[in-house]
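Please read the structure below before turning to the comments.
Every number here is computed from the coordinates shown, using simple stated rules; none is lab data. The model shown is predicted, which means the values in this text are computed figures rather than measured ones. As a convention, Cβ positions derive from the backbone with ideal geometry for all residues, glycine included, and neighbour counts pool all protein chains shown.
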């Protein structure tokens, strides 16, 4: 099995560690294998790939897409290191309003699976980082939404206090006011 799947404190969110084959030439790893992901309950099709490059202290998030274009994401850093945050937006879920964070890097090659119904964001903790993520729905501007990165109710323990943000990310509403149409189905 080329992957190790670890369910995190919010069990629908998974940290995925690929098996890395190293030799004198470098390394090889699989980044996705439908049969193995499906065996762990990740059955969505990934239909769009995204790539970002950011410098130290840049924070992107907290983003999500509402129904009917809700996106699940498979996130990996291909250079540098990021502090990756997920917030449960599913009303009625036992973990509604809870967040978790993991550090992923090009060095450790781990990936984070973020299902639909969660806000996602990250900040760069290395000099720079390039992040690839696959999404289960195409980008739909009319369904785009977000939550303010430093909402006091969420109290996310970001590793920086003065991040560089886009104008859009500075303007997202607080968690309780966010435009969100997710319901937990158990």
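Based on Cα contacts under 8 Å between residues 6+ apart, the chain shows a relative contact order of 28 percent. Taking label positions 7 Å along the Cα-Cβ direction at both residue 34 and residue 153, the computed distance is 4.0 nm, reported to one decimal. According to the Cα-based calculation, Rg over Rh for region 3-177 is 0.95, with Rh computed by the Kirkwood formula. Going by neighbour counts of Cβ atoms within 10 Å, the residues 132, 165, 174 line up, fewest first, as 174, 132, 165.
Measuring r between the beta carbons of residue 103 and residue 23 and using R0 = 25 Å, the FRET efficiency lands at 0.40.
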